[in-house]
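Engineer: Submitted below is the structure of interest, expressed as C-alpha cells.
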Amino acid sequence: MTEYVPRETDCLVLIDLQYDFMPGGTLAVADGDAVVPVANRLCEAFAHVVATQDWHPAGHSSFASQHPGHDAFTTVEMPYGPQTLWPDHCVQGAPGAELHRDLALDRVELILRKGYRRAIDSYSAFMENDRTTPTGLTGYLRERGFERLFFAGLATDFCVAWSVLDARKAGFEAVILTDACRAIDLGGSLDAAMTNMREAGADITETSSVLD
Ligand code: VGL
Ligand code: ZN
C-alpha cells in the first residue's frame, strides 16, 4: 500500500458530510456517520482541508417529488442526460442540509456549496451534472497550488466518485480513502464507480496509508 506523507501541496476534500446522508436522514447512507470520526482524524493529518455541502433549493429537479409517476432511485431523462431521482434532501437552510455537528470544521478552509441550480444536479464538487457548468473549485484549488487531492465522505459511488473523476480530468492526483467513505450502491453503482476511478488513474486506498 502506498504510504503518503502529507505535503503542503496536498488538500483533503470532505464530501457532503450532512445529516440527510446520515442514518435517520432522508437519503441515508448505511453507516454514514461512521465516517465522521475518521474524517476528523484526517483533518489533523492534512495542512489544508476543504468540504462540500449538497445545497438544493426546495423543489429541486433531482427530487422524485417533482416528477409525478416516478419513484425515487429511478432514472429520468433531463435536458442534460439521464438523472437519478432522489428523495428530497439537503434543502437549503433545512436541518438535513447541515454538516454533522461532530465534524471538526475549525480547520476547514472552504465550504463549497453545490446543487443550488434548480434545473441541474451536481454530484461532483467540480462540475455540475450537465458536465459543462463549473462550480469554481478547480480554479480555487489550482490557484492555491494544490497537486494531490485526498477524498473522503459520502457517498462513495456518487458525489465522491464523480469528484474524484473530475479531479483527475482537471489534472490533480486523486486518492480516495475508502474506509473514510460509505456508498449508496444502487444497481451496481459502487462497482462501476470503483472501476471508473481506477481507470481514471485515481489511487484507491485506505486511511492507513496516511494515518498511523
Ligand atoms: C449525493 C445523491 C444526491 C451524494 C448527493 O452526496 O453522493 N447523492 N445528492
Ligand atoms: Zn443531492
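The values are calculated or read from the model by the stated rules, or taken from the named source; none is laboratory data. Everything numeric in this text was worked out from a predicted model, so none of it was measured. Don't worry about glycine lacking a Cβ; one is built from the backbone with ideal geometry, like all the others, and counts go over all protein chains shown. In case anyone asks, the SASA skips ligands and DNA or RNA and just uses the protein heavy atoms, side chains included. Shrake-Rupley method; radii C 1.70, N 1.55, O 1.52, S 1.80 Å.
Engineer: May I ask you to verify whether Phe73 is within 11 Å of ligand 1 (Cβ to nearest atom) and either among the basic types (Lys, Arg) or open to solvent by 40 Å² or more (accessible area, probe 1.4 Å) (or both)?
Structural biologist: yes
Engineer: Find the strands (runs of 3 or more DSSP E) located wholly in region 28-96 whose residues include 1 or more that are β-branched (Val, Ile, Thr) and closer than 26 Å to Gly136 by Cβ, and list them.
Structural biologist: Per the criteria, 49-54, 81-84.
Engineer: Taking Pro87 as the residue in question, decide whether it is away from ligand 2 (no atom under 11 Å from the Cβ), at negative phi and open to solvent by 20 Å² or more (accessible area, probe 1.4 Å).
Structural biologist: no
Engineer: In addition: Scan (1) in a helix (DSSP H, G or I); (2) over 14 Å from the mean Cα position of the chain (by Cα); (3) small (Gly, Ala, Ser) for the single condition Gly145 breaks and write down its number.
Structural biologist: The number of the failed condition is (1).
Engineer: Go through Glu143, Glu128, Glu98 for me and flag whichever is within 15 Å of ligand 2 (Cβ to nearest atom) and without any contact (Cβ under 8 Å) to a residue 24 or more places away in the chain. I'd like the intermediate steps shown before the answer.
Structural biologist: On the way: Glu143 fails: within 15 Å of ligand 2 (Cβ to nearest atom); Glu98 fails: without any contact (Cβ under 8 Å) to a residue 24 or more places away in the chain.
One residue alone meets the criteria, Glu128.
Engineer: Oh, and also: Looking at the structure I just gave you, is Thr135 without any contact (Cβ under 8 Å) to a residue 24 or more places away in the chain and more than 19 Å from Ala47 (Cβ to Cβ)? If you could, list the steps in order and put the result at the bottom.
Structural biologist: Working: without any contact (Cβ under 8 Å) to a residue 24 or more places away in the chain: yes; more than 19 Å from Ala47 (Cβ to Cβ): yes.
It is true that Thr135 is without any contact (Cβ under 8 Å) to a residue 24 or more places away in the chain and more than 19 Å from Ala47 (Cβ to Cβ).
Engineer: Continuing with this model, one more query. Identify, from the list Asp102, Asp179, Asp106, the residue that is away from ligand 1 (no atom under 14 Å from the Cβ), charged (D, E, K, R), open to solvent by 30 Å² or more (accessible area, probe 1.4 Å) and in a strand (DSSP E or B). Reasoning before the result, please.
Structural biologist: Working: Asp102 fails: in a strand (DSSP E or B); Asp106 fails: in a strand (DSSP E or B).
Just a single option satisfies the conditions, and that option is Asp179.
Engineer: Out of all the residues in region 18-38, is one or more open to solvent by less than 20 Å² (accessible area, probe 1.4 Å) and closer than 21 Å to Met127 by Cα?
Structural biologist: Yes.
Engineer: Could you please find all residues in region 182-196 being assigned to a loop (DSSP other than H, G, I, E, B) and farther than 22 Å from Val210 by Cα?
Structural biologist: Residues satisfying the conditions are Ile184, Asp185, Leu186, Gly187, Gly188.
Engineer: Restricting to region 21-56, count the residues that are in contact with a strand residue (DSSP E or B) (Cβ under 8 Å, 6 or more places away or on another chain) and among the charged types (D, E, K, R).
Structural biologist: 2
Engineer: Among the listed residues Arg142, Arg118, Arg168, which satisfies the condition of being more than 22 Å from Leu103 (Cβ to Cβ), open to solvent by 60 Å² or more (accessible area, probe 1.4 Å) and touching a His at 6+ places or on another chain (Cβ under 7 Å)?
Structural biologist: So the residue among Arg142, Arg118, Arg168 that is more than 22 Å from Leu103 (Cβ to Cβ), open to solvent by 60 Å² or more (accessible area, probe 1.4 Å) and touching a His at 6+ places or on another chain (Cβ under 7 Å) is Arg118.
Engineer: If you don't mind, there's one more thing I want to ask. Restricting attention to region 153-176, which residues are over 12 Å from Asp203 (Cα atoms) and either modelled with pLDDT under 95 or not in a helix (DSSP H, G or I) (or both)?
Structural biologist: Gly153, Leu154, Ala155, Ala170, Gly171
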